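This report concerns only the one structure given below.
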Amino acid sequence: MKRLVLAVAAVAVLAAPAAQVSAWGSTGHRLVGMAAIRALPDELPAFLRTPGAVADIGELAREPDRWKGAGQPHDRERDTAHFVDMDDAGRVMNASGPAIDALPRLKSEYDAALIAAGTNVNDAGYLPYAIMDGWQQVVRDFAYIRVLNAAEARETNPERRAWYRVDRERREALTLRDIGVLAHYVGDASQPHHTTIHYNGWDRNTPNPEGFTTSRQTHSDFENAFTSRVARLDMVEAAMPAFSDRAVDMNGRIATYLRTTLTQVTPFYRLQKAGAFRDTDARGAEFVTARLGAGAAELRDLIVLAWRASGETTIGWPAIKVAEVEAGTIDPWLSMIGDD
């Protein structure tokens, strides 16, 4: 596997031919999660818009990095979710790889396309699919929360109402966890190194006309040490773009988000060459803040869009429409508790 979890020691970084460290480190991931939740509009459920939820999702946004080290196959499958290595034209790995805005619908098809291009998913990563999977899970969570809220409010049977209440509390806790996981991958996708073949120093196998660094410490020094020195929640919040419900399918939206981050790779290396990521340089701080703000805004938008999409789906078995439960035209009890 091309990208390996590194020890903090510099000697380990220097010894590895290629390296993967935790995108943004703890500071960056916390700030993306916290800023996004603090910016949620009133249409979102109240349990998400509390100081406790802000703190929980800030910590849970670190969770996929904390999974690491469990062993195989756990680590090999999950570590490659954190990145997608694109060339400068937006094709995964090389000119024969799939274009980021024309990816196959299924990850298995993506894997096959990479093999046909002479590479594999362990080298290329599958971050777009991790974001889509995380978003779809949150849609499902929200759909159940809608049903539980509606059912609990209308139920007259005390035992059933008590079950709805407890299940709603379970689902709220699970939703916080799932949003935290989504937050991590959305945060990864705002970090330029997680979208490029130049992920830890400029790729030595490609032209380097501007003489960018090829140091294997580039990635870690930027997203960990420098980011932890300069990143502030209030500045990240101020850098967040306004809400966008861009009228494209979710795959297209994710591709656009990743392509936008890819455009920041060369600007990063120019800043790095100019010494902007030393100490608390204002140029580097502005770059970090803008990238974290972009990640927080995208996470906020995806959560809002997941909430809206959840009202248009079905839940349970037998499957019932969420909208019909909320309208009071169907009793969800059997679909929620199970008909066996």
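So Asp141 clears everything in (1) in a helix (DSSP H, G or I); (2) open to solvent by 10 Å² or more (accessible area, probe 1.4 Å); (3) among the charged types (D, E, K, R) except one condition, right? Which one?
Going through (1) in a helix (DSSP H, G or I); (2) open to solvent by 10 Å² or more (accessible area, probe 1.4 Å); (3) among the charged types (D, E, K, R) one by one, Asp141 breaks only (2).
Looking only at residues that are touching a residue at least 24 places away in the same chain (Cβ under 8 Å) and part of a helix (DSSP H, G or I) in region 323-334, which one is farthest from the chain's Cα centre (by Cα)?
Trp333
List, please: which pairs have Cβ atoms under 6 Å, are six or more places apart or on different chains, and start with a residue in region 111-139 that is charged (D, E, K, R) and end with one that is not in a helix (DSSP H, G or I)?
Pairs that qualify, where the first residue is charged (D, E, K, R) and the partner is not in a helix (DSSP H, G or I), are Asp123/Lys2.
Could you tell me whether region 288-308 includes any residue that is over 19 Å from Leu31 (Cβ atoms) and more than 17 Å from the chain's Cα centre (by Cα)?
Checking region 288-308: at least one residue is over 19 Å from Leu31 (Cβ atoms) and more than 17 Å from the chain's Cα centre (by Cα).
Could you please give the count of residues in region 160-198 that are assigned to a helix (DSSP H, G or I) and open to solvent by 10 Å² or more (accessible area, probe 1.4 Å)?
Adding up the residues that qualify gives 19.
Output yes when any residue across region 246-262 is assigned to a loop (DSSP other than H, G, I, E, B), of a type outside the set (D, E, K, R), modelled with pLDDT of 95 or more and surrounded by fewer than 16 Cβ atoms within 10 Å (Cβ to Cβ), and no when none is.
The answer is no; no qualifying residue exists.
For region 82-102, check the following and say yes or no: at least one residue is touching a His at 6+ places or on another chain (Cβ under 9 Å), open to solvent by less than 40 Å² (accessible area, probe 1.4 Å) and either of a type in the set (Gly, Ala, Ser) or within 20 Å of Asp249 (Cβ to Cβ) (or both).
So far as region 82-102 goes, yes, one or more of its residues are touching a His at 6+ places or on another chain (Cβ under 9 Å), open to solvent by less than 40 Å² (accessible area, probe 1.4 Å) and either of a type in the set (Gly, Ala, Ser) or within 20 Å of Asp249 (Cβ to Cβ) (or both).
Looking at this structure, is Glu223 within 19 Å of Thr263 (Cβ to Cβ), crowded, with 22+ Cβ neighbours inside 10 Å and either acidic (Asp, Glu) or in contact with a strand residue (DSSP E or B) (Cβ under 6 Å, 6 or more places away or on another chain) (or both)?
Considered against the rule, which asks whether it is within 19 Å of Thr263 (Cβ to Cβ), crowded, with 22+ Cβ neighbours inside 10 Å and either acidic (Asp, Glu) or in contact with a strand residue (DSSP E or B) (Cβ under 6 Å, 6 or more places away or on another chain) (or both), Glu223 comes out as yes.
In region 293-322, what residues are among the charged types (D, E, K, R), open to solvent by 30 Å² or more (accessible area, probe 1.4 Å) and either assigned to a helix (DSSP H, G or I) or in contact with a Gly (Cβ under 8 Å, 6 or more places away or on another chain) (or both)?
If the condition is that a residue be among the charged types (D, E, K, R), open to solvent by 30 Å² or more (accessible area, probe 1.4 Å) and either assigned to a helix (DSSP H, G or I) or in contact with a Gly (Cβ under 8 Å, 6 or more places away or on another chain) (or both), then Arg308 is the only one that fits.
For region 264-290, enumerate the residues that are buried (at least 20 other Cβ atoms within 10 Å of the Cβ), more than 13 Å from Trp202 (Cβ to Cβ), in contact (Cβ under 8 Å) with a residue 24 or more places away in the chain and not aliphatic (A, V, I, L, M).
Gln264, Phe277, Gly284, Thr289
Of all the residues that make up region 163-209, how many are among the small types (Gly, Ala, Ser) and closer than 19 Å to Val92 by Cα?
Result for region 163-209: 3.
Could you please give the count of residues in region 138-191 that are under 17 Å from the mean Cα position of the chain (by Cα) and among the aromatic types (Phe, Trp, Tyr)?
Counting residues in region 138-191 that are under 17 Å from the mean Cα position of the chain (by Cα) and among the aromatic types (Phe, Trp, Tyr) gives 1.
Glu152 - would you say it is in a helix (DSSP H, G or I), charged (D, E, K, R), surrounded by fewer than 20 Cβ atoms within 10 Å (Cβ to Cβ) and touching a Lys or Arg at 6+ places or on another chain (Cβ under 8 Å)?
Yes, satisfied.
Test Ile330 against the criterion of being open to solvent by 20 Å² or more (accessible area, probe 1.4 Å) and touching a strand residue (DSSP E or B) at 6+ places or on another chain (Cβ under 8 Å), and give yes or no.
Yes, satisfied.
Identify, please: which residue in region 202-220 is polar (S, T, N, Q) and crowded, with 19+ Cβ neighbours inside 10 Å and is, among those, nearest to Gly293 (Cα to Cα)?
Here the residue is Ser220.
Against the definition (at pLDDT 95 or above, surrounded by fewer than 19 Cβ atoms within 10 Å (Cβ to Cβ), among the acidic types (Asp, Glu) and in contact with a helix residue (DSSP H, G or I) (Cβ under 6 Å, 6 or more places away or on another chain)), how does Glu59 come out, yes or no?
no
The values are calculated or read from the model by the stated rules, or taken from the named source; none is laboratory data. Just so we're clear, the structure is a prediction, and the values are computed from it rather than from any experiment. Please note: Cβ atoms are built from the backbone with ideal geometry, for glycine as well, and neighbour counts cover all protein chains shown. All accessible areas refer to the heavy atoms of the entire protein, side chains included, with ligands and DNA or RNA removed. Shrake-Rupley method; radii C 1.70, N 1.55, O 1.52, S 1.80 Å.
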